[in-house]
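This report concerns only the one structure given below.
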Amino acid sequence: MTGWGRDIRDLLREHITQPLGLSDELMIGLPTPPPPPPPPPPKPSKGAAGDAAAAAAEVDGFVSRCATLCNGFGADGNAPTPEEMKELMNRIRTIRERREREEKAKAAAGADAGLGLPPPPAVGGGGEAAGSSSSSDGDRMDQMFHGSLSLIDPCLFNLNRVRRAVIPAANGHFTARALAKFYSVLAEGGVFATTTSAGSGGDQQQRVMKTLLPKSVVDRMSRCVSEEESPLTGSAIKWALGLRIYGFEDDSAAGGVRSSGFGHAGLGGSIAFCDPHSRVSIAVSVNKLSFHRSGVAQLLSLICDELGVGAPADDVLMS
């Protein structure tokens, strides 16, 4: 539910997918099978039963089209081991502690402190960071990430009951075409072209422009509002309102980077974004999820080069 007391799926369908013609390609949670029709009256109605059967078949069609997620996070192709998760958590903790120290020094000195990138922590035996005084974090990680269906295992989302759940932050089902079309509207300032019937007999097609979002809203949602360090790579991240700001190599821009793109990259490598400067939108979806995005990075570099957008300049796309 949303703050308006409405199911977010209804809002998505009403304001985005239906106007763009993407109802069967962009959704949060797969549709659930319809309830069985009520007991038939003395004279059974074939229409109701037929409609229910058609709706159930449509749901089955959605399920059959879903990509099967493959886990590439762990070194052995399975879910990350407790040791791998300990190393990741130690690295995140190191970055957080460094940031806290710098903020304290900044406050004490009354001046800005430079923000350097922390090196990866040294890892001792058993995956613990050198100098770690307690193994309690590691013990908790052992408990949290033990088992083949732990929450860190993306294969959990292959289960139908999870696919049908409404989890906006983690359960979107999209085709790359649908994502690219949605971001193309943002690249054009919130407007898109459609056709309507015209003429006395409705036998002519007329191209009209419609507004999905006001340009002022698109401008606000793409404006940088904060910066931080990536807990995974240590690189600088620029954030808009829930979206990442992406940069592209551009000799005419300050520092050789044009920060004109915005979008979102999934943890496993899928990504969708647009660049209003170039009027281009790009989406790549993968089903083998991994921290290592070299394949996606190469594909993005090829696409951006062919379209004249400029090579992606963000480390997160290359990590």
Can we say Thr211 is modelled with pLDDT under 85 and of a type in the set (Val, Ile, Thr)? no
Among strands (runs of 3 or more DSSP E) lying entirely in the stretch 203-254, which contain 3 or more residues that are under 28 Å from Arg99 (Cα atoms)? 226-229, 236-239, 244-249
Quick check on the stretch 218-253: of everything there that is aromatic (Phe, Trp, Tyr) and under 15 Å from the mean Cα position of the chain (by Cα), which residue is farthest from Leu300 (Cα to Cα)? Trp239
Would you tally the residues in the stretch 189-208 being under 16 Å from Pro276 (Cα atoms) and at pLDDT below 85? 0
Residue list for the stretch 225-252, restricted to those being surrounded by 14 or more Cβ atoms within 10 Å (Cβ to Cβ) and modelled with pLDDT of 90 or more: Lys238, Trp239, Ala240, Leu243, Arg244, Ile245, Tyr246, Gly247, Phe248, Glu249, Asp250
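Would you point out the residue of the stretch 100-125, among those that are at pLDDT 80 or above and charged (D, E, K, R), that is least open to solvent (accessible area, probe 1.4 Å)? Break it down into steps so the answer makes sense when it comes.
So the first thing to find is which residues in the stretch 100-125 are at pLDDT 80 or above, and the list is 100-108.
Narrowing the set further to residues that are charged (D, E, K, R) leaves 100-104, 106.
Values: Glu100: 89, Arg101: 139, Glu102: 33, Glu103: 109, Lys104: 150, Lys106: 91 Å².
Restricting to residues being at pLDDT 80 or above and charged (D, E, K, R), the top hit is Glu102.
One line per residue, one yes/no per condition, for (1) basic (Lys, Arg); (2) touching an Asp or Glu at 6+ places or on another chain (Cβ under 8 Å); (3) free of Cβ contacts under 8 Å to residues at least 60 places away in the same chain:
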| residue | (1), (2), (3) |
| --- | --- |
| Met209 | no, no, yes |
| Ser216 | no, no, yes |
| Lys238 | yes, yes, yes |
| Asp275 | no, no, no |
| Ser285 | no, no, no |
| Leu300 | no, no, yes |
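The values are calculated or read from the model by the stated rules, or taken from the named source; none is laboratory data. In this text the structure is predicted, and so the values were computed from the model without any measurement. Positions of Cβ are generated from backbone atoms using ideal geometry, with glycine treated the same way; all protein chains shown enter the neighbour counts. Just the protein is used for accessible areas: all its heavy atoms, side chains included, with ligands, DNA and RNA removed. Shrake-Rupley method; radii C 1.70, N 1.55, O 1.52, S 1.80 Å.
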